[in-house]
Amino acid sequence: MYITCLDLEGVLVPEIWIAFADAVGIPELRRTTRDEPNYDKLMQFRLGILKERGLGLKEIQDTIKKIDPMPGAKEFLDELRSFCQTIIISDTFSQFAAPLMEKLGQPTIFCNSLEVSPSGEITGYKMRCEKSKLTTVKALQSIGYDTIASGDSFNDLGMIQASKAGFLFRSTEQIIKDYPQYPAFTEYSELLEAIKKIVNS
């Protein structure tokens, strides 16, 4: 029995932090897991900038409300879910993801949570579990699923490597070059066809 595990940002929706960086004019916040493999280091960097600039959860959520899924993402997800159980596994936060899940037709998502003060300042974050994407894939395998995984960033490589089949989607040139063993796609139709072949094999 197969279950497909997908990354969210860069695969189904634009990168939230890049959209926010552009909205508030802070180019440093454009750094993502494509640029920084150490997630904690990346988040501490982000939180430091938010504190310094007096920006909180509300400002980020205001930007997220204006973000739409990538063209074709909902249709891709709808078709994928018609023949294979699918979970989105993301290092984003529940406080960010809710409006995006509504636009994607409420797929299942496993993500993390932010620690927010009464004033709306983001004071920290809580990971659902260590190495959440890899850990989740292994947990699914432990209860009898074969996993298929796809993502675009450094933090997706663990779940891709641990799965029965793994695909890079709209990844960076460097990651594609460093991991040539994984097919790299840029179109949803290509990824859908590859997953369908695995499921039907």
TODO: Answer with yes or no whether Ser94 is free of Cβ contacts under 8 Å to residues at least 40 places away in the same chain, within 23 Å of Asp156 (Cα to Cα), of a type in the set (S, T, N, Q) and touching a Cys at 6+ places or on another chain (Cβ under 9 Å).
DONE: yes
Open item on the list: Out of the residues in the range 79-102 meeting the condition of being in a helix (DSSP H, G or I) and among the charged types (D, E, K, R), tell me which one is nearest to Asp7 (Cα to Cα).
Closed with: Arg81
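Name every residue in the range 190-201 that is open to solvent by less than 80 Å² (accessible area, probe 1.4 Å) and without any contact (Cβ under 8 Å) to a residue 40 or more places away in the chain, in order of residue number.
The answer is Glu190, Ala194.
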Task: the range 157-184 - residue that is aromatic (Phe, Trp, Tyr) and within 22 Å of Thr92 (Cβ to Cβ) and, of those, least open to solvent (accessible area, probe 1.4 Å) - done: Phe169
- [ ] Could you list, in sequence order, all residues of the range 53-78 that are touching a strand residue (DSSP E or B) at 6+ places or on another chain (Cβ under 6 Å) and part of a helix (DSSP H, G or I)?
- [x] Leu57
Open item on the list: Suppose the filter is at pLDDT 95 or above and part of a loop (DSSP other than H, G, I, E, B); does Leu50 pass it?
Closed with: no
TODO: Can you confirm whether the range 163-182 contains a residue that is modelled with pLDDT of 95 or more, within 22 Å of Trp17 (Cβ to Cβ) and among the small types (Gly, Ala, Ser)?
DONE: yes
Task: Residue selected from the range 83-119 under the condition closer than 23 Å to Gly56 by Cα and in contact with a Pro (Cβ under 8 Å, 6 or more places away or on another chain), by the criterion surrounded by the fewest Cβ atoms within 10 Å (Cβ to Cβ) - done: Met101
- [ ] Kindly provide the set of residues from the range 143-156 that are open to solvent by less than 10 Å² (accessible area, probe 1.4 Å) and hydrophobic (A, V, I, L, M, F, W, C), ordered by number.
- [x] Ile148, Ala149
Task: Scan of the range 130-142 for residues that are open to solvent by less than 40 Å² (accessible area, probe 1.4 Å) and closer than 11 Å to Asp91 by Cα, ordered by number - done: Ser132, Lys133
Task: Leading residue by the ranking (nearest to Ala19 (Cα to Cα)) among those in the range 67-91 that are more than 16 Å from the chain's Cα centre (by Cα) and touching a residue at least 40 places away in the same chain (Cβ under 8 Å) - done: Gly72
Task: The one condition in (1) open to solvent by 30 Å² or more (accessible area, probe 1.4 Å); (2) more than 18 Å from the chain's Cα centre (by Cα) that Ile122 fails to fulfil - done: (1)
Task: Residue in the range 56-73 that is basic (Lys, Arg) and open to solvent by less than 70 Å² (accessible area, probe 1.4 Å) present - done: no
TODO: Filter the range 16-49 for residues that are under 18 Å from Met70 (Cβ atoms), open to solvent by less than 30 Å² (accessible area, probe 1.4 Å) and not hydrophobic (A, V, I, L, M, F, W, C) and give the result.
DONE: Thr32, Thr33
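The values are calculated or read from the model by the stated rules, or taken from the named source; none is laboratory data. Remember, it's a predicted structure, so these values are computed and weren't measured experimentally. So basically every Cβ, Gly included, is an ideal-geometry build from the backbone, and we count neighbours across all protein chains shown. In case anyone asks, the SASA skips ligands and DNA or RNA and just uses the protein heavy atoms, side chains included. Shrake-Rupley method; radii C 1.70, N 1.55, O 1.52, S 1.80 Å.
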